[in-house]
Amino acid sequence: RGRGAARTDMAVKMTRRITQETFDECVQGNIDDFEMEPDEAVEEAVKEFELQGVDLSQIDKTYAGPAGRGEHPAAAAARAHDAAVEKGDLRGIADTARALRECVSGEGATPGWGSACVGAGAVQA
């Protein structure tokens, strides 16, 4: 295989990502601008982002409602963990690490945790 094949392989492995907020804004835009029903608006947003090569594996693909989702629990946990680390609060670090782990991999974990953690600044992409 030549050099061009390696570049093509690398390009295929690179994926684009969006935030949960961007997805939700797109869905709400479909509802507001095109008078779509929520299920149809979500479906169209998914199609649009997939056509653009966006990785939606970490995105909650449900309708958030006109008020939005509020802050993702993982973002709040990540911010609290970051604050505990900055203070050097060992008990706080342990408690917030447990809370963050539960958001990430616990029974109640939801899609979008990775983007939320990166957006909160607790994890660098």
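Structure above, values below:
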item	result
Per residue value of the accessible surface for segment 25-78 (all protein chains in place, 1.4 Å probe), Å²	58
Prolate/oblate/rounded call for segment 12-84, Cα gyration tensor, a/c under 1.5 rounded	oblate
Neighbour-limited loop hits for GluC sites (Glu not before Pro), segment 17-84 (at most 15 other Cβ within 10 Å; DSSP other than H, G, I, E, B)	GLU35, GLU71
Modelled FRET efficiency - R0 35 Å, GLU50 with ARG98, Cβ distances, 0.05 increments	0.50
Additional length obtainable on full extension of the chain from LYS61 to GLU107, 0.36 nm per residue less Cα span	14.7 nm
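The values are calculated or read from the model by the stated rules, or taken from the named source; none is laboratory data. Predicted, not measured: the structure shown is a model, and the values here were computed from it. FYI the Cβ positions are ideal-geometry reconstructions off the backbone, even for glycines, and counts take in every protein chain you see. All accessible areas refer to the heavy atoms of the entire protein, side chains included, with ligands and DNA or RNA removed. Shrake-Rupley method; radii C 1.70, N 1.55, O 1.52, S 1.80 Å.
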